[in-house]
Amino acid sequence: MHVSRRTLLKASTATAVMAGIGAPLVARAQQAEFSYKFANNLPDTHPINVRGREMAAAIKQETKGRVDIQLFPSSQLGSDTDTLSQLRSGGVEFFTLSGLILATLVPAASINGIGFAFPDYPAVWKAMDGDLGAYIRSQITKANLVVMDKIWDNGFRQTTSSTRPINTPEDFKGFKIRVPVSPLWTSMFKAFDASPASINFNEVYSALQTKIVEGQENPLALISTAKLYEVQRYCSLTNHMWDGFWFLANRRAWERLPEDVRAIVAKNVNAAAVKAREDTEKLNAGLQSELAGKGLVFNQPDLKPFREKLRQAGFYAEWKAKYGDEAWSILERSTGKLT
Ligand code: X2X
């Protein structure tokens, strides 16, 4: 699907260029000294894009038109996997990406997604704005990407299904579940004896609709804005991990910006992240009744047996060994003992 979207996009860019010099909109966009693309996989209506647009407007104003950031929501420039390559090569300047997917390049970046690590949002922000976030950002910087300080909220993830609710760990047995392209996700659902399939988010709606998979897991804000309730019947409040998006920049593109301009961009990106956190957190807390009205059947499983199942499967021990003692102890400083 992304191939045809990309081809379409190229075609429309070409048309705009050919329509040419006289077109006032195109001419104005070309006047900005720095015209940068901000790609993400989220629907246009998701808080990240709503706050992202406000952020772009504020940056344009404060830099007196020197920096013009164009948003490309809904994986318009390609899947997450593709966009990460484009970010690295400089084809895309800014990209918000889940740390768990970024882990294909920076292994430490998935550590906040360890199953049942965080009890609630205050614990998440304390860790991600504190030592754990600082550790992850240092690893991202070593991989030659630029990362902004404040991580954007995706949320605590819930499990949806077209076939059955998930009430006990046994219900995951053989369950065909879509997971993002990320070793941690695959490992965790294998530990539950499920049958995980790695699929980029831009293919998820159709994979559910055509029943290539039975279910998927995402925060309520996304189940709602991406309309996944249209192709799913059950929503089990498994709260199995917290996931967020790092705001990444291509290093050369970032270093092209004069220092005072960089400061304006960073300040506005981080401020928008904090506002989007509030919006997303509210959505995740308040959407259950709205989604129930749209036909999703909710259940609240007892979560202790799920955590126990992961422990018995050796999940925590395996990932502790992968991340190493230093990273694991930083994680456990904010979550308490996990192994
Ligand atoms: O792909 C997903 O499920 C999403 C949108 O939550 C992430 O980017 C991790």
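The values are calculated or read from the model by the stated rules, or taken from the named source; none is laboratory data. Just so it is clear, the structure is predicted and the values come from calculations on it, not from any experiment. We place every Cβ from the backbone using ideal geometry, glycine too, and count neighbours over all the protein chains shown. Side chains included, ligands, DNA and RNA excluded: accessible areas come from the protein's heavy atoms. Shrake-Rupley method; radii C 1.70, N 1.55, O 1.52, S 1.80 Å.
A few comments on the model shown:
- Where labels lie 7 Å past Cα in the beta-carbon direction, separation of ASP131 and GLU290 in nm: 3.8
- Bridge orientation summary for the range 135-255: considering DSSP beta bridges with both residues in this region, about 75 percent are antiparallel.
- Normalised by 2.2 N^0.38 Å, where N counts its residues, the alpha-carbon radius of gyration of the range 113-200 equals 1.30.
- Using a probe radius of 1.4 angstrom, the carbon and sulfur fraction of the accessible surface of the chain is 55%.
- For the Cα trace of the range 54-127, dividing Rg by the Kirkwood Rh returns an Rg/Rh value of 1.07.
- Angle in degrees between helix 80-89 and the longest Cα principal axis of the chain, rounded to the nearest 10: 40
- Within a Gaussian network of the chain (alpha carbon springs, distance under 10 Å), most fluctuating of PHE34, PHE175, PHE201: PHE34
- Against the chain, whose longest principal axis is taken from its Cα atoms, helix 325-335 shows a tilt of about 80°.
- Additional length obtainable on full extension of the chain from ASP149 to GLU33, 0.36 nm per residue less Cα span: 39.3 nm
- Across q = 0.11, 0.14 Å⁻¹, the chain modelled as identical point scatterers on its alpha-carbon atoms has Debye log10 I(q)/I(0) values of -0.72, -1.15, in the order of the q list.
- Loop sites in the range 271-303: trypsin sites (Lys or Arg not before Pro), DSSP, at most 14 other Cβ within 10 Å: LYS294
- Remark: the chain carries 42 Å² of accessible area per residue (probe radius 1.4 Å; ligands, DNA and RNA excluded).
- When peptides 255-263, 46-54, 206-214, 127-135 are sorted by average Cβ neighbour count within 10 Å, with the highest value leading, the order is 46-54, 127-135, 206-214, 255-263.
- Using the rule -39500 (n - 2.57) for each DSSP H run of four or more residues, divided by the residues of the chain, the 222 nm mean residue ellipticity is -14500 deg cm²/dmol.
- Rounded to 0.05, the FRET efficiency of the ARG252 and VAL274 pair, given R0 = 22 Å and the Cβ-Cβ distance, is 0.20.
- Axis angle, to the nearest 10 degrees, between helix 47-62 and the longest C-alpha principal axis of the chain: 30 degrees.
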